[in-house]
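Here is the structure we will look at, set down as structure tokens.
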Amino acid sequence: MTDPDRCSSPVDLAGIEAWLDLPSLASLDRWSSQAEWVGLDVRNLRSIGDASPQLITAPAYRATVVVDREGDHLPDTSRLPGHVFLTAKPDPPYGWVCPAGGIGRALDRIRFAVQESPLTAAMLCEVLSTTANLPLSHALTVESLAYSVLLSGPEHAKWLRDHPDRGSTSSAPEPVVASRHGPNLVITLNRPERRNAVDAMIRDSLCDVLDLARVDRSVRRVWLIGRGPCFSSGGDLAEFGSATDPALAHLVRMTRSAGWRIAELGNAVTAAVQGPCVGAGVELPAFAHSVLASPDATFRLPELSMGLIPGAGGTVSITRRIGAERLRYLALSGDAIDADTALAWGLIDHIIPAASIADAADTLSFIPLAREGL
């Protein structure tokens with residue numbers, strides 16, 4: 001976020017003020033007034049008209065939602081100013097979202113999220129814009145830096161105060177189990193009593209096993225699964241607030257990134273997920289070459305309500321599967337999508353019988369699927 005007083009070239013402040021719809025640019029240097037300079041615009045698709053996309057752009061610090069209530073021909077979202085695109089048309093084209101609960105409910109949820117966490121919403125839009133064309137490792141660095149800033153920000157601090165009871169930090173004796181079956185390496189998140197919540201022990205153990213897979217040339221296929229009815233409920237809430245040094249937290253995220261390691265393994269990795277997949281439980285599988293899901297799988301990104309953005313690589317992995325527009329929808333609304341929607345969007349690649357995943361940790365019944373082209 002640029003300080004107007006430090007710009008190297010002259011800036012028409014009056015023009016920027018009108019563009020951002022602000023009462024005064026003076027609030028830009030007062031964090032106590034952040035709610036005044038980040039907001040929500042809702043634009044009807046028909047009101048945009050045929051204006052040149054070069055002449056219309058979404059304001060940098062306003063979450064702009066474009067709404068189509070008629071459900072007829074939808075233009076390419078790249079030609080429209082906006083961050084989120086809602087339509088009444090079922091099975092809409094790339095970038096558009098037909099909310100399961102209706103457009104009105106989706107708008108209410110997005111509006112509430114932006115009002116409650118304006119800095120975080122602005123940071124999300126800025127990160128996605130900045131990382132759009134960056135190499136994966138550079139994009140992950142941008143996400144991690146932004147996440148570290150938000151960790152020490154007022155909106156996350158408020159969430160911590162409002163949620164003092166976040167459970168214990170105890171972990172399973174063996175939080176990640178690795179087993180070898182010929183050329184297959186099966187990595188199992190093994191903390192079902194905590195819904196496979198990702199704590200520091202799971203993160204570090206997962207990174208260690210993935211490092212072994214990267215150097216062992218006899219490993220041809222890596223399977224990532226979770227024991228129990230839930231693949232992963234995301235980051236362990238009990239550890240939130242424990243990082244007191246944002247710079248150190250950034251370095252830890254970059255050097256102990258399971259998502260980067262999964263991506264480095266390329267087409268060798270298949271993730272098989274079931275039940276509620278939340279936060280990191282969506283972000284990490286999205287790095288895999290192939291994602292299998294049970295029919296009961298759901299996918300949700302709740303981080304914005306905590307004053308954070310996805311921090312396990314999701315602004316990169318999910319965006320490169322479904323696009324920035326739909327990632328913004330998931331993050332700003334906090335809505336969950338089902339397996340059918342995830343398949344249509346490209347967040348997952350196949351839906352397979354629930355038993356194939358539920359029994360996988362014990363029977364490895366899913367491994368033959370590799371011979372069927374999955």
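Here, each number is a calculation from the coordinates, and none is a lab measurement. Quantities reported herein were computed from a predicted structural model and do not represent experimental measurements. Note that we place each Cβ from the backbone using ideal geometry, even for glycine, and neighbour counts take in every protein chain shown.
List, in order, the whole-Hz ³J(HN,Hα) value for each residue of the range 95-112 obtained from phi through the Karplus relation with A = 6.51, B = -1.76, C = 1.60 and θ = phi - 60°; use x for Gly and Pro.
x, 7, 10, 9, x, 4, x, x, 5, x, 5, 4, 4, 4, 5, 5, 4, 4
Which value, in debye to the nearest 20, describes the size of the charge dipole of the range 145-372 about its Cα centre when Lys and Arg Cβ atoms bear +1, Asp and Glu Cβ atoms bear -1, and nothing else is charged?
With Lys and Arg at +1 and Asp and Glu at -1, about 460 debye.
Nearest 20 debye, what's the magnitude of the dipole of the range 72-186 about its Cα centre given +1 on Lys and Arg Cβ and -1 on Asp and Glu Cβ? Each step should come with its number before you reach the end.
Values: 9 positive and 11 negative charges, 14 e Å.
Result for the range 72-186 is approximately 60 debye, rounded to the nearest 20.
Each residue of the range 143-151 in order: what ³J(HN,Hα) in whole Hz does its phi give by Karplus 6.51 cos²θ - 1.76 cosθ + 1.60, θ = phi - 60°, with x for Gly and Pro?
Calculated HN-Hα couplings, in order: 4, 5, 4, 5, 4, 5, 4, 5, 4 Hz.
Suppose we keep just the DSSP beta bridges with both residues in the range 145-372; what percent of those would be antiparallel, to 5?
Here the antiparallel bridges make up roughly 30 percent for the range 145-372.
Around Leu327, with a cut-off of 12 angstrom between Cβ atoms, what is the net charge of the other residues, counting Lys and Arg +1 and Asp and Glu -1?
The answer is 0.
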